Amino acid sequence: MNPMQRWWLLGEEAPTLVADLPPPWRGSVAGWATPTALPPALDTVLATHATVLVLLAGEGASRVVSDNEHAFRALLHARGLTHQVLHPLDGSHRLPLRRLLGMEATPPPPQRPLWRCEACSDPDCEHRLFQRLLAQRAG
């Protein structure tokens with residue numbers, strides 16, 4: 001952890017996530033539940049400190065953006081502030097936040113299983129493969 005780095009969590013559950021952090025981290029991470037709670041001198045604070053803004057996004061690909069999240073996004077974009085968006089994992093931002101802060105290791109990406117066509121007995125799969133090979137040859 002860089003002792004000079006500050007993290008600002010932006011979202012409804014931000015104060016709860018900050019309170020859940022162990023003491024060394026609690027001093028460098030601040031949580032803001034609503035955009036109106038942000039300091040008026042936000043631009044000055046960001047210019048004088050190494051601060052990373054982290055927007056806590058809602059859950060799900062087809063989710064409806066909450067009014068609070070929409071207000072944070074509008075504020076960040078209106079001011080042209082660089083920020084990261086943190087999506088929840090299994091309904092919680094706790095583990096993704098700990099991974100972002102370097103408190104927990106990020107697992108390696110899952111390995112794609114090696115596929116061997118000679119071990120496959122699916123005639124439709126074989127036909128699709130054959131059609132792709134013919135298309136590559138013709139193109």
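Restricting region 1-20 to residues that are out of contact with any strand residue (DSSP E or B) (no Cβ under 7 Å at 6 or more places or on another chain) and aliphatic (A, V, I, L, M), the residue that is least open to solvent (accessible area, probe 1.4 Å) is 19.
A search for C-beta distances below 9 Å between a residue of region 94-121 that is under 17 Å from residue 24 (Cα atoms) and any residue that is modelled with pLDDT under 75 and not hydroxyl-bearing (Ser, Thr, Tyr), counting only pairs 6+ apart in sequence or on different chains, returns 101/1; 102/1; 103/1.
Out of 26, 79, one residue alone is closer than 27 Å to residue 103 by Cα and basic (Lys, Arg). It is 26.
The values are calculated or read from the model by the stated rules, or taken from the named source; none is laboratory data. Note that the structure is predicted; figures quoted are calculated from it, not measured. We place every Cβ from the backbone using ideal geometry, glycine too, and count neighbours over all the protein chains shown. Accessible surface areas use protein heavy atoms only, side chains included; no ligands, DNA or RNA. Shrake-Rupley method; radii C 1.70, N 1.55, O 1.52, S 1.80 Å.
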